[in-house]
Every structure is written in structure tokens, then in C-alpha cells.
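Input: a single structure, listed below in C-alpha cells.
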Amino acid sequence: VQLQASGGGLVQAGGSLRLSCAASGISFRSNTVSWYRQAPGKQRELVAAIITNGRTNYADFVKGRFTISRDNGKNTVYLRMNSLKPEDAAVYYCNVLLRATLENYWGQGTLVTVSS
């Protein structure tokens, strides 16, 4: 199983970015995929998740601003981030929780920097 995260970068406060997480070796459609983030000196925290039936969950601090979605044909999960704030700056990681084995796999992380 390999996850490849991309799409991070530098953006001004109020701007937008779209992160992508592409998978090989497993099907995102059959498993739960999440985005986490970790800022310097802080613990990794859950940002959003999408489960097999397409239902989504969001952390309170991103509700209404971020959208997680899945493209089954491309086996890719996206995180659309709007109205970015300086406190959203972090390394963002995608994660897949395999339904069959409950194993976790992580992508390599993509850095999001938000300037004020």
C-alpha cells in the first residue's frame, strides 16, 4: 500500500488549496480515508474523513471551509481548503484505515503554509 499526498504550498490567508492523496495497492472506495495535520510543536489531529458509503466527517475547526471528496475512478481523495487561516498551516497527511484488517497507512505529508 502506498499513498502519495500532494498539493501543498504557500497561500495567503483567505486563499484556497486542494490537496490530493493517490493510492496504489488498495481501493479508497472500500476503506476509510482521512486527512490529518500536524503543526510544529503540536500533536497530529484529524481534519476530515470519508468512509465507504461517501459519508464525510469534519473537525469543528474546518467545518464550512474544507471539503473532502473521493474520485473512485482515479482512486484519489481530495481535500479542498477554502478561507485558509494562518492557524491552518501544518503538514497534512492522508491516512487509510483498511476495513478488512484495521491496518493504518500514511502518506508522506504535504506542507501547507498560510501567510497573514
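The values are calculated or read from the model by the stated rules, or taken from the named source; none is laboratory data. Source: prediction; values computed, not measured. All Cβ positions, even for glycine, are placed from backbone atoms using ideal geometry, and neighbour counts span all protein chains on display. Remember, those area values only see protein heavy atoms, side chains included, never the ligands or the DNA or RNA. Shrake-Rupley method; radii C 1.70, N 1.55, O 1.52, S 1.80 Å.
The slack between LYS74 and THR56, meaning 0.36 nm per residue of separation minus the straight C-alpha distance, is 4.6 nm.
Solvent-accessible area of the chain (1.4 angstrom probe, protein heavy atoms only): carbon and sulfur portion equals 46 percent. Phi angles across region 62-74 convert, under the Karplus curve 6.51 cos²θ - 1.76 cosθ + 1.60 with θ = phi - 60°, into 3J(HN,Hα) values of 10, 4, x, 10, 10, 9, 9, 8, 9, 10, 5, x, 9 Hz, Gly and Pro given as x. With every protein chain kept in place and ligands, DNA and RNA left out, what is the accessible area per residue of the chain? Probe 1.4 Å, answer in Å². Spelled out: the 1.4 Å probe surface of the chain, per residue, equals 53 Å². Distance from the C-alpha centroid of region 24-38 to that of region 44-116: 9 Å, rounded to the whole angstrom. Between the listed residues LEU17, GLY64, VAL112, the Cα displaced farthest toward the positive end of the dipole of the chain, a dipole computed from Cβ unit charges relative to the Cα centre, is found at GLY64. Just want the answer: with Cβ charges of +1 for Lys and Arg and -1 for Asp and Glu, which residue in PRO86, ALA100, GLN2 is farthest toward the dipole's positive end in the chain? Among PRO86, ALA100, GLN2, the one farthest towards the positive end of the dipole of the chain is ALA100. Taking the three principal axes of the alpha carbon atoms in region 1-102, the coordinate ranges are 38, 27, 23 Å, sorted in descending order.
For the chain, the dipole from Cβ point charges (+1 on Lys and Arg, -1 on Asp and Glu) about the Cα centre works out to 220 debye, to the nearest 20.
Electrostatic bookkeeping for PRO86 treats Lys and Arg as +1 and Asp and Glu as -1; over the other residues with beta carbon under 15 Å from its beta carbon, the sum is +2.
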